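> Take this structure, written in C-alpha cells, and hold onto it; I'll ask about it next.
The values are calculated or read from the model by the stated rules, or taken from the named source; none is laboratory data. Everything numeric in this text was worked out from a predicted model, so none of it was measured. When we count neighbours, we look across all protein chains shown, and the Cβ atoms used for this are built from the backbone with ideal geometry, even at glycine. Areas reflect the complete protein model, heavy atoms only, side chains present, ligands, DNA and RNA absent. Shrake-Rupley method; radii C 1.70, N 1.55, O 1.52, S 1.80 Å.
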Amino acid sequence: MDYQIEVLLENHDDFTTFLNTKLKEYNDEHSPYHKESRQKGSVRPLNLIVTDHQQQWIGGITAEVYWGWVEINKFWFTKEYRGKGIGGQLLAKAEETAKQMGATKALLTTYEFQARTFYEVRGYQVVGEIKDYPPGSSYYTMIKHLV
C-alpha cells in the first residue's frame, strides 16, 4: 500500500489549512464565482446593530452579500425586546439594504426551536431540512426572492 490513514482526535491547524487551500484551489478552477468571491471586496459585509437608550447592544444581524445573494449568518435579540416587531423591521431593513447592494435573493438557516415560522411569515421558504439535528429537532435552509 502506498498510503496510510492516520486518525487524530484533536485539532490540527496545519492540516485544516492544507485542506482549506486545496478546496479553494479546486473550487476556483471549476467555478468562476468562487474565484471571483476571493477578490477583495467581492464578499461585502452587512451588519445591523440595535442598541438601547444606554447605547448597549440588544441585538442585530450579521450578513454577507455576494453572488447576488444576501446570506444572513446571525440574527438575535435580547429576550426582553422580542415580540415587539423590532425583528421584522430589522429583517426588512437588512433585505432592503442588501437589494441596494445588488442582492436578488436571501439565504439563511434556522433550527426548529428558533425562528422558522417568523421567517415563513416574511416570505421565506424551506428548501432543505435535516431531521433529528440536533436530536429531536430539525435544521432548515430557507430562501426568499427579494422583489
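> Taking the residues in region 1-39 that are in a loop (DSSP other than H, G, I, E, B) and of a type in the set (S, T, N, Q) as candidates, determine which candidate is farthest from residue 70 (Cα to Cα).
By that ranking, first place goes to 4.
> Please state which of the following conditions residue 34 fails to meet, knowing it meets all the rest: (1) more than 23 Å from residue 124 (Cβ to Cβ); (2) modelled with pLDDT under 95; (3) surrounded by fewer than 11 Cβ atoms within 10 Å (Cβ to Cβ).
Of everything listed in (1) more than 23 Å from residue 124 (Cβ to Cβ); (2) modelled with pLDDT under 95; (3) surrounded by fewer than 11 Cβ atoms within 10 Å (Cβ to Cβ), residue 34 misses just condition (3).
> Still on this structure, please answer the following. Is it true that residue 122 is more than 30 Å from residue 36 (Cα to Cα), at pLDDT 95 or above, among the basic types (Lys, Arg) and touching a helix residue (DSSP H, G or I) at 6+ places or on another chain (Cβ under 9 Å)?
Numbers: more than 30 Å from residue 36 (Cα to Cα): yes; at pLDDT 95 or above: yes; among the basic types (Lys, Arg): yes; touching a helix residue (DSSP H, G or I) at 6+ places or on another chain (Cβ under 9 Å): yes.
When the stated conditions are applied, residue 122 passes them.
> Scan 81, 26, 66 and give me the residue that is more than 29 Å from residue 111 (Cβ to Cβ) and out of contact with any Phe, Trp or Tyr (no Cβ under 6 Å at 6 or more places or on another chain).
26
> Quickly run through region 105-147 and pick out the residues that are exposed (fewer than 13 other Cβ atoms within 10 Å of the Cβ), among the β-branched types (Val, Ile, Thr) and touching a strand residue (DSSP E or B) at 6+ places or on another chain (Cβ under 7 Å).
127
> Now, a different point. Within the set of pairs 6+ apart or on separate chains, which have a first residue in region 1-26 that is within 24 Å of residue 38 (Cβ to Cβ) and open to solvent by 100 Å² or more (accessible area, probe 1.4 Å), a second that is assigned to a loop (DSSP other than H, G, I, E, B) and of a type in the set (Ser, Thr, Tyr), and C-beta atoms under 9 Å apart?
The qualifying pairs do not exist here.
> Follow-up question, since we're still on this one. Output the residue which, of all residues in region 88-104 that are open to solvent by less than 70 Å² (accessible area, probe 1.4 Å) and out of contact with any strand residue (DSSP E or B) (no Cβ under 9 Å at 6 or more places or on another chain), is farthest from residue 47 (Cα to Cα).
Result: 88.
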